[in-house]
Structures are given as C-alpha cells and as structure tokens.
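Participant: Next up is a structure, given as structure tokens.
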Amino acid sequence: MLYLQPVSLTDGKEFYDMLQRVPPEHGFENSAYQMEYAAFPAWLEKCVNMAQGIGLEDWQVPSGTYWLMDDGVPVAMGKLRHYLTDALRERGGHIGYAVDGTLRGRGYGRALLRLLLDEARQIGITEEILVTVNPGNVPSRRVAEANGGQLRRETEEHVYYWFT
C-alpha cells in the first residue's frame, strides 16, 4: 500500500539510504545527497522545523517534506511549500518530488504527486497548485499531466503545470 509519511526526527538509515539514490537533477534539490550519515539527524531536524516555519531564511517559506512509502519502505520523497513567493512562481512551485533512482518507471511519481496534491488541500492550500518541471524531463511532465495538470506556460527553463 502506498501512503505519505511526513519526515520525522526518528527516520532512520533506510530513509538516508533512499536519499543517496536520489541525485539532484532536473531542478530537484536533494541536500541530503552524499551527506555523511552522521549529519542526517540534523537534516531531519531542519526539515521538521521548515514544516513549522522555524529557522527559515528570508527567501524560504514553510515547507513540508514527505516520504512516499510502499508497505513501510521509503521509495520517494516530496516537498510541499505552503505558499508561493514571486520567485517560487517562476522556479519551484508548490511541489517538488523525486523517486529513488533504482525504482523509477513503476508509477511511484504519479502516486506521489497525487498524494502531495491531496496533502496540499488538507493543509489549507485553496488556490491553484503549481508544479514546475524542466522541459526535458519527459517522465515528470507525464506525471503532471496524468494527475490533471494544466500546462499554461513554457519557457526554456521551465514548464508550468497548474492544478485546480
């Protein structure tokens, strides 16, 4: 069974290991990639704090980090920003996501985006939800379209999908 699980201070090595199989690519930033395991608890704490709006830098907004779990095993991660700044409307959007590099092509991205869209509504995001995708990232474009994303704009750097 697939479900979302918010990042927790008690998340262990299986979460860390999954993140090591998610290189930063196509605009998704995985700041835990190639991090020493000893630094992982501090990374988790930062994620927990970000979701509560604690310790944010001027350019940041509250942002939850979630794991996509498949029968108790982490297979992907997603980030959900609680609102957008002008800069996030151009790059980043409300939702970012990435699937374990060894598990791509199995429908996890589609399920993760669907669950993150549901979560966005549950936390009170009532306006349209934006997901930006790099134009060459065809699998991510398919994920957005399969979840009902409406392509409204395209530049050399980003494709803008809006969800109602």
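The values are calculated or read from the model by the stated rules, or taken from the named source; none is laboratory data. From a predicted model like this one, the values you see are computed outputs, not experimental measurements. Cβ atoms come from the backbone with ideal geometry, glycine included; neighbour counts cover every protein chain shown. Each accessible area value is taken on the protein alone, full model and side chains, heavy atoms only, with ligands, DNA and RNA left out. Shrake-Rupley method; radii C 1.70, N 1.55, O 1.52, S 1.80 Å.
Participant: Roughly how many debye, to the nearest 20, is the charge dipole of the chain about its Cα centre, given +1 on each Lys and Arg Cβ, -1 on each Asp and Glu Cβ, and no other charges?
Facilitator: In debye, rounded to 20, the chain gives about 420.
Participant: Once label points are set 7 Å from the Cα along Cα→Cβ at both residue 10 and residue 127, what is their separation, rounded to one decimal in nm?
Facilitator: Distance between the two pseudo-spin positions: 3.7 nm.
Participant: Compute the accessible area per residue over the chain, keeping the other protein chains in place, probe 1.4 Å, unit Å².
Facilitator: On the way: 8540 Å² over 164 residues.
In whole numbers, the chain has 52 Å² accessible per residue.
Participant: Taking R0 as 25 Å, what FRET efficiency do you get between residue 31 and residue 152 from their Cβ-Cβ distance, rounded to the nearest 0.05? Each step should come with its number before you reach the end.
Facilitator: Working: r = 29 Å, r/R0 = 1.17.
After rounding, the FRET efficiency stands at 0.30.
Participant: I've got another one for you. Would you please classify the overall shape of region 89-164 from the alpha carbon gyration tensor, given that a ≥ b ≥ c denote the square roots of the eigenvalues, rounded means a/c under 1.5, and beyond that prolate means a/b larger than b/c while oblate covers the rest? Working shown, then result.
Facilitator: On the way: a/c = 1.84, a/b = 1.08, b/c = 1.71.
It is oblate, given that a/c is not under 1.5 and a/b is not larger than b/c.
Participant: A further question follows. Suppose we flag GluC sites (Glu not before Pro) only when DSSP calls them loop and at most 15 other Cβ atoms lie within 10 Å. Which is the longest uninterrupted stretch of the chain?
Facilitator: On the way: sites that count: 29, 36, 57, 127, 128, 156, 157.
With a cap of 15 other Cβ atoms within 10 Å, the longest stretch comes to 58-126.
Participant: Now, a different point. At q = 0.11, 0.15, 0.20 Å⁻¹, what is the log10 ratio I(q)/I(0) for the chain, with the Debye formula run over Cα points and no solvent?
Facilitator: Taken in order of the listed q values, log10 I(q)/I(0) reads -0.41, -0.79, -1.47.
Participant: Over the chain, what percent of the accessible surface lies on carbon and sulfur atoms, probe 1.4 Å?
Facilitator: 50
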